[in-house]
Amino acid sequence: MFLSCFENKLDKKGRVSVPATFRSHLNSMGYNGFISYPSFSNPALEACSQDRIEKLSNTIDSLNPFDEKRDFFATSVLSESENLQFDTEGRVSFSNKLLKHANIKSNILFVGQGKTFQIWEPENFEKFKAVARKKAFQNRSNLKWENKQKGESS
C-alpha cells in the first residue's frame, strides 16, 4: 500500500526522487514507474500502477460507446495520463503540463492513498488536509468495519 507523506525537491532538470517505499511497492508489483494524470477535483496529480489505470480504462470502456460521458472520461483521464519511468537513481521527470496543473514549482509532496497516491504542492496539500480532516470527522459514521474477511465462514 501507499501510505504516509514524503516531501522531495525538484532538481534543476525537473526530476524528483520518488520515496523508496513507493518505489519498492511498485517494483514488487513488477513496475519500474507509475502512471500520473491531473486530478479532477484538486490542484494535484493522481498516481497509480499500470494495473490500476488498466482497470480504470476497462471501467470507461464499459460505458456506452456512444455516450458522451465515455468520451469525457477517456479524454480527461487516459489522454492526460503520462507513464513516468524511474531512472537509475529512482527519480522521475514530470512534464510541465502536469507540474502546472498541480502548481508545483520546487517541492513535491507524495501523499499515500492506499492503492494509489497523489502528488501535491506541499502548501496546497496542507490547506486541503485541514478541510479533509474536518469533513472526515463530520462523516466518520460512514466508515464501517466488516465483521468477517471475504471468503471467511462464521
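Annotations for the structure displayed:
- When residues of region 33-46 are limited to those that are closer than 12 Å to residue 80 by Cα and among the hydrophobic types (A, V, I, L, M, F, W, C), the one farthest from the chain's Cα centre (by Cα): 40
- Residues located in region 75-91, provided they are loosely packed, with under 15 Cβ neighbours inside 10 Å and β-branched (Val, Ile, Thr): 75, 88
- Of everything in region 113-144 that is in contact with a strand residue (DSSP E or B) (Cβ under 8 Å, 6 or more places away or on another chain), of a type outside the set (A, V, I, L, M, F, W, C) and surrounded by 10 or more Cβ atoms within 10 Å (Cβ to Cβ), the residue that is farthest from residue 55 (Cα to Cα) is 122.
- Check on residue 136, part of a helix (DSSP H, G or I), over 18 Å from the mean Cα position of the chain (by Cα) and not hydroxyl-bearing (Ser, Thr, Tyr): yes
- Annotation note: Cβ proximity below 8 Å between a residue of region 12-32 that is on the phi > 0 side of the Ramachandran plot and a residue that is crowded, with 18+ Cβ neighbours inside 10 Å and of a type in the set (A, V, I, L, M, F, W, C) (sequence gap 6+ or interchain) occurs for 14/94; 14/99.
- Taking every residue in region 55-72 that is of a type outside the set (Lys, Arg) and pairing it with any residue that is modelled with pLDDT of 90 or more and exposed (fewer than 10 other Cβ atoms within 10 Å of the Cβ), at least 6 positions away or on another chain, yields no pair with a Cβ-Cβ distance below 9 Å.
- Residue in region 31-40 that is of a type in the set (Gly, Ala, Ser) and more than 25 Å from residue 101 (Cα to Cα) present: no
- The C-beta contact set for region 33-48 (first residue aliphatic (A, V, I, L, M), second residue surrounded by 17 or more Cβ atoms within 10 Å (Cβ to Cβ) and assigned to a loop (DSSP other than H, G, I, E, B), distance under 9 angstrom, 6+ apart or interchain) comprises 35/49; 35/81; 44/102; 44/121; 45/94; 45/102; 45/104; 47/116.
- Those strands (runs of 3 or more DSSP E) lying entirely in region 19-129 with at least 3 residues over 15 Å from residue 4 (Cα atoms) and out of contact with any Leu (no Cβ under 7 Å at 6 or more places or on another chain): 82-85
The values are calculated or read from the model by the stated rules, or taken from the named source; none is laboratory data. Please read these numbers as outputs of a predicted model, since none were measured by experiment. With ideal geometry, Cβ positions are generated from the backbone for all residues, glycine too; neighbour counts draw on all protein chains shown.
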